[in-house]
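Novice: Submitted below is the structure of interest, expressed as structure tokens.
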Amino acid sequence: MTDTLQISNFLHGGDYNPEQWIDNSEIINRDFTLFKQSKINTFTIGTISGYRSNKGLI
């Protein structure tokens, strides 16, 4: 079975790794303010968190 993504807008976003700032909510809040200002409507969260935790970095 194949699902088709039904979109009517251009997807604008990127990777976001909030675990870098987990101890500083001010930075995360500022990030979301900037997301809204730049009209980001999609992002991938935690793409490196599995790697980092497997390596004992978190």
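Novice: I'd like to compare 3-14, 31-42: which one has the highest average count of other Cβ atoms within 10 Å, and what's the full order after that? Intermediate values should be presented prior to the final figure.
Specialist: Working: 3-14: 7.8, 31-42: 11.8.
By packing density, highest mean first, the sequence is 31-42, 3-14.
Novice: Can you compute the radius of gyration and Dmax for region 1-45, using only the Cα atoms, both in Å?
Specialist: Radius of gyration, then largest Cα-Cα span, for region 1-45: 13.6, 43 Å.
Taken together, the values in this text are just the output of simple stated rules run on the coordinates, not laboratory data. These figures come from a predicted structure and were not determined experimentally. Every residue, glycine as well, gets a Cβ built from its backbone with ideal geometry; the counts of neighbours run over all protein chains shown.
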